[in-house]
Amino acid sequence: LTVGNQSTGATFTLLGFSEYPDLQVPLFTMFLAIYMVTVVGNLGMIVIIRINPKLHTPMYFFLSHLSFVDFCYSTIVTPKLLENLVVGDRTISFTGCIMQFFLASIFATAETFILAVMAYDRFVAVCNPLLYTVVMSSKTCASLVAGPCAWGIVTSLTLTYFLLALSFCGSTIINNFVCEHSVIVSVSCSDPYISQVLCFVIAMFNEVSSLVIILTTYIFIFITVIKMPSDGGCQKAFSTCASHLTTITIFHGTVLFLYCVPHSKTFWLIVKVGSVLYIVVIPMLNLLIYNLRNKDVKETARKL
């Protein structure tokens, strides 16, 4: 594949929230605070899980990787968003834009399937507690994390390859704060049909397959829980799944909302707000949801 000089020399301008000049400083302050909590919290979570032997379980193994993915995903996009809120020059090079999309796509896909893997982990813990340590061996856990990451790389490489096949002429304006697939193809000089169809097929496959895994596992969990003779067992089982269910609801709810936004006058504003929630806020929420409900994590954090 050869990329034409027109494309490699193209410069993108990320409009971000520039149409609201009075909100630039408040938005910068808010996003910076969220990003600092995300970075310190997620890296701290990884350290806490590593140093506390009580947390050396499959559930926390997956949680540490979720924290790593959230940290990477937020770090790929948020610093550029913060820069654009305080600097007049909102341009990003063609290479920078494509790299941002490529990396963000890997971690977004990885997160989608890591959440599905965590649902399977809860299914084994609740439905087959006696076989839990056998089924969720170290080798299995490593494979269940490697799979989503490998699939994220494959899909991201595929989509990026077809983006590079498009032509981009001169200076192009992107009405968002992130180099996301739909906004990149919208400013292309050539026909983006194949790239758009491919992106839609991959996105639908990722969303539907991960939701099928999650819904199936939780149906089995619900059936197992209602058959439990003691109320204590039911309460413990629901408590085990509550954090994960909350995370899934917020994550997939935002994704499905972005897919279903109708094209209207407020379309781009809604997409921007949804993207902020998806890219900037959710990595922090995941952290808070799991931390606030966990005594062992809070105890280790206090000792640190």
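The values are calculated or read from the model by the stated rules, or taken from the named source; none is laboratory data. Only a predicted model underlies this, so the values are computations on that prediction, with no experimental measurement involved. With ideal geometry, Cβ positions are generated from the backbone for all residues, glycine too; neighbour counts draw on all protein chains shown. All accessible areas refer to the heavy atoms of the entire protein, side chains included, with ligands and DNA or RNA removed. Shrake-Rupley method; radii C 1.70, N 1.55, O 1.52, S 1.80 Å.
For the stretch 101-117, residues that are open to solvent by 10 Å² or more (accessible area, probe 1.4 Å) and out of contact with any Pro (no Cβ under 8 Å at 6 or more places or on another chain) total 8. Of the helices (runs of 4 or more DSSP H) entirely within the stretch 67-165, those holding at least 2 residues that are of a type in the set (D, E, K, R) occupy 94-127. Taken over the stretch 8-32, the residue count meeting the criterion of being in a helix (DSSP H, G or I) and either more than 19 Å from the chain's Cα centre (by Cα) or buried (at least 17 other Cβ atoms within 10 Å of the Cβ) (or both) is 12. Does at least one position in the stretch 51-58 carry a residue that is open to solvent by 70 Å² or more (accessible area, probe 1.4 Å), part of a helix (DSSP H, G or I) and under 15 Å from Asn286 (Cα atoms)? No, because not a single residue in the stretch 51-58 is open to solvent by 70 Å² or more (accessible area, probe 1.4 Å), part of a helix (DSSP H, G or I) and under 15 Å from Asn286 (Cα atoms). If the condition is being at pLDDT 75 or above, over 17 Å from Ile174 (Cα atoms) and surrounded by fewer than 16 Cβ atoms within 10 Å (Cβ to Cβ), then the stretch 251-271 contributes Gly253, Leu256, Phe257. Selection of the stretch 166-206 for residues being without any contact (Cβ under 8 Å) to a residue 40 or more places away in the chain, closer than 16 Å to Ser156 by Cβ and open to solvent by less than 20 Å² (accessible area, probe 1.4 Å) yields Val185, Ser195.
Cβ-Cβ contacts under 7 Å between residues 6 or more apart (or on different chains), taken from a first residue in the stretch 22-42 that is more than 18 Å from Ile289 (Cβ to Cβ) and without any contact (Cβ under 8 Å) to a residue 60 or more places away in the chain to a second residue that is of a type outside the set (Val, Ile, Thr) and buried (at least 17 other Cβ atoms within 10 Å of the Cβ), are listed as Leu23/Phe17; Leu27/Phe17; Leu27/Leu85; Phe28/Leu82; Phe28/Leu85; Leu32/Leu82.
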